[in-house]
Amino acid sequence: LFFPPFSWQSTIQDGGEEVEEGAVYHVTLKRVQIQQAANKGARWLGAEGDQLPPEHTVSQYETCKTRTIKAGTLEKLVENLVTAFGDNDFTYISIFLSTYRAFASAREVLELLLDRYGNLETSSCEEVGSQNSFEPKAVLKIAIASILRAWLDQCSEDFREPPNYPCLLKLLDYVKTNMPGCDPERRAQNLLEQFRNQEVENDDGFHSTSICNLYDEEELEISNPEEFSFFQEDLVAEQLTYMDAKLFKKVVPYHCLGCIWSQRDKKENKHLASTVRATISQFNAVTKCVVSTILKNKELKPQQRAKIIEKWIHIAHECRILKNFSSLRAITSALQSNSIYRLKKTWACVPKDIMLMFEELSDLFSDHDNYLTARELLMKEGTSKFANLDSSVKENQKRTQKRLQLQKDMGVMQGTVPYLGTFLTDLTMLDTALQDYIEGGLINFEKRRKEFEVIAQIKLLQSACNNYCMTADQKFIQWFRRQQYLTEEESYNVSCELEAAADPTTTSPKSRKSMVKRFSLLFLGSEVVAHSTPIKEQPKSTPSGSSGESTDSASVSSCDLNHSESDDVCIPPAGAPDESQKKLSESSCSSSCSSTDSMDTASSGVSSLVLSRPLLSSNNK
């Protein structure tokens, strides 16, 4: 192999590709300084190199070649786990373990890893190691132990296969035979006991859950919309954050992979990605709760109803302080749904400073430049201890600074609950745009590296969620779970009863184009939604090349036009006097033809997907 000469300005150079049977590697050449020697004059005087100024020394360099696998067979990718450990390439191990479920099962990988290297006590093991990775038996033993330890730590859910747990038992049998008393053995044994205990608890918990549900039904009469007024805004935001963070920490990252999440609508996959579904159900529950509390009591006057809207805006702001972007988006989406948006008399009673606050919060999720504002905010605050809020509303700014200073004085750090839809959208677009296999049937591992960039962000935020220190308020949680939600049709009908016709003398909040993509239809799929969520049917005709689902955004069904119009765009009510609203109406109509074509965009390339910069910075404090 010919190494082109290095320029003095560069220490790293692209060495092209190397192809061998079953694998393609990318080669990087790096100049490494191995020692600094004295020149001839200095050596004659007997001086050492480190005692001389730079002009009297000679630097000696060596060219090192580094290979990273771009594509390969499953056998080669598993084999590369061991060689990566020898090369201290621990990133490869994390990428493989986080994404291999896209192209193999846990059983296949475990059998390849353990059966290939066999019994470490046999002499044949040394032959296998020397032929493939030039590692002696002791180092090979350490490598396999480290890989198994990382697997058990990072992806323990891979081994949850009740009731027999075949992969976990196979792993246990291997380490007991070849590495008795080692750390992976203890971890595997503890994990097996944990799974079995949880299985027993789930079986026993079935009856207790039913009793709990029965108790809720008996107490349901006590719960009414007026109870909402008894809960302080900061308590509501804290409890929503408590529930959201608890669910987000349980999300299994590989469930978010596009190739897995896209299979959720198949009948045999009704239990697929349950941790993601739980997060989405919570998002939808928050949205429906907002709508129901505003509309349920038909006896309220517009001023009283405006107070409820004002309270939800304050709660959204409290979620912003807590860096809970999931409930923040759920609340703003609900307030922009058509059944709430069209209540012009009610919105006219909301104070101007509160309206400004609402617009600021809503603008965080603007779809401009692929949701650049939300992405940059997450990158800035994802792992920081506190929120960094800038507001044009003076009263809001004073209140925010007071709250943040109180948190700092108490030493209370905040985690971050992201809006999961952003990650699901990115992973879905990556899966659509990049091929699973390259020429020769080799697994495209470069695709997995790009997916891991997103998965790593999810894991980092899950770790940051541990900074939250909150306890459950049972009174609020019971109230929240007892709410009887209105369907979209019911909420629209109630809204029309409350304000039958638009009043041209009042104005509703500023319309925002494309803030209306259906969260339920995007994630749960049309079949599931039709049976489990109160969403109207999609129009029968959809734009060519689209499945009828949009992945540009993942907000809840935020705006319904009417019973016959498309549900993807929010158009201001007729008769609005503001010129800007007319322009927004026109632009919204044009967007309805393009909002469902995002998958076509993804299939033509990833130019619309902002992955050139990381969402998070682990150094952001």
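At least 2 residues being out of contact with any Leu (no Cβ under 8 Å at 6 or more places or on another chain) and among the small types (Gly, Ala, Ser) is the threshold, and among the helices (runs of 4 or more DSSP H) wholly inside region 223-310 those reaching it are 274-295. Scanning region 465-477 for residues that are in a helix (DSSP H, G or I) and open to solvent by less than 70 Å² (accessible area, probe 1.4 Å), we see that the one that is nearest to residue 231 (Cα to Cα) is 476.
Cβ separations smaller than 7 Å between residues 6+ apart or across chains give the following pairs from region 326-343 residues that are over 24 Å from residue 249 (Cα atoms) and in the same structural domain as residue 277 (by the TED database) to residues that are part of a helix (DSSP H, G or I) and of a type in the set (Gly, Ala, Ser): 336/362; 339/491; 339/495; 340/334; 342/495; 343/495. For region 233-262, a tally of residues being open to solvent by 60 Å² or more (accessible area, probe 1.4 Å) and free of Cβ contacts under 8 Å to residues at least 40 places away in the same chain returns 2. One residue stands out among those in region 357-382 that are assigned to a helix (DSSP H, G or I) and surrounded by fewer than 17 Cβ atoms within 10 Å (Cβ to Cβ): the one that is nearest to the chain's Cα centre (by Cα), which is 379.
Would it be correct to say that residue 162 is closer than 17 Å to residue 108 by Cβ, open to solvent by 70 Å² or more (accessible area, probe 1.4 Å) and touching a residue at least 24 places away in the same chain (Cβ under 8 Å)? No, not satisfied.
The values are calculated or read from the model by the stated rules, or taken from the named source; none is laboratory data. Everything numeric here is computed off the predicted structure, so don't read it as measured data. Cβ coordinates were reconstructed from backbone atoms using ideal geometry, including for glycine residues, and neighbour counts include every protein chain displayed. When the accessible area is computed, the model is the full protein with side chains, heavy atoms only, and any ligands, DNA or RNA have been set aside. Shrake-Rupley method; radii C 1.70, N 1.55, O 1.52, S 1.80 Å.
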